[in-house]
Amino acid sequence: MAIFGTIETVKEQINDSKFDKAFLYIQKLQDKNSAEYKSLSNIKLNECNKIELDVNCFVLEQAYISKNKEDCFFESHKKYIDIQYVFEGEEIMEVEKLSNLQVTTTYKEDLDYAKYSQSKYSSVLKIRENELAIFYPQDAHMPCIKINENEKVIKAVFKISVNN
C-alpha cells in the first residue's frame, strides 16, 4: 500500500537503496540555494521537464492547476514505482487496490500506465507542500485533485524502476 508523509517520515519507513537518488534530490529541492530548487521554482504552468538521475530513475518536474475530482482518473504502472513530491501547493491523491477498479484504458507498455474508473471506496490522502506519496505497481492512484480550490501545484514525480 502507498506510503506518504514528509521526506524524513518516509525515509524512516524505507530502507532500500533504489530510492537513494530520489530522496537526495528531494532533500536538494528543500534547499533554497540548490540548483534543483531554483530550477523547479521557476517552472512555468503546464510545463513538464524530464531529468534522468540514473538508468533506473528519472524525475518529471511539472506545474499545473489542480482539478475537480470528476476530471481525474486512477492510473497504475508496471515498470515504475512513483514518488509524487509536492513542491508547492497542495492536492488530494486517492489510492485504491487494482482489483477494486474497472479498467477504462488497457495497459500501454510504451507509456507504462493503465487507466481506471472512479471509486467510491478509495483512500484519500491530502498531500501538502514538502510532502510526498509513494505508489507501488499494485497501487492505483489518482493525483491532481483540488482540495478546496483549483490552484497551481508544482510537483516532482520520480519514476523508479521496479527491476533495479
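The values are calculated or read from the model by the stated rules, or taken from the named source; none is laboratory data. A quick note: this is a predicted structure, and the numbers were derived from the prediction, not measured. Reconstructed Cβ throughout: ideal geometry from the backbone, glycine too, with neighbour counts over all protein chains shown. Each accessible area value is taken on the protein alone, full model and side chains, heavy atoms only, with ligands, DNA and RNA left out. Shrake-Rupley method; radii C 1.70, N 1.55, O 1.52, S 1.80 Å.
Tabulated values for the structure
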item	result
Residue-normalised accessible area of the stretch 7-63, expressed per residue, 1.4 Å probe, Å²	61
FRET efficiency estimate (nearest 0.05) - Cβ-Cβ, GLN102 to LYS38, R0 41 angstrom	0.45
Gained length - ASN130 relative to GLN30, 0.36 nm times residue gap less alpha-carbon distance	35.2 nm
Global geometry of the stretch 73-164, whether rounded, prolate or oblate, following the gyration tensor of its Cα atoms and the 1.5 cut on a/c	oblate
Where trypsin sites (Lys or Arg not before Pro) fall in DSSP loop in the stretch 88-164, at most 15 other Cβ within 10 Å	LYS120
The chain - percent of accessible surface contributed by carbon and sulfur, probe 1.4 Å	45
Expected-Rg normalisation [2.2 N^0.38 Å, Cα atoms] applied to the stretch 1-123	1.15
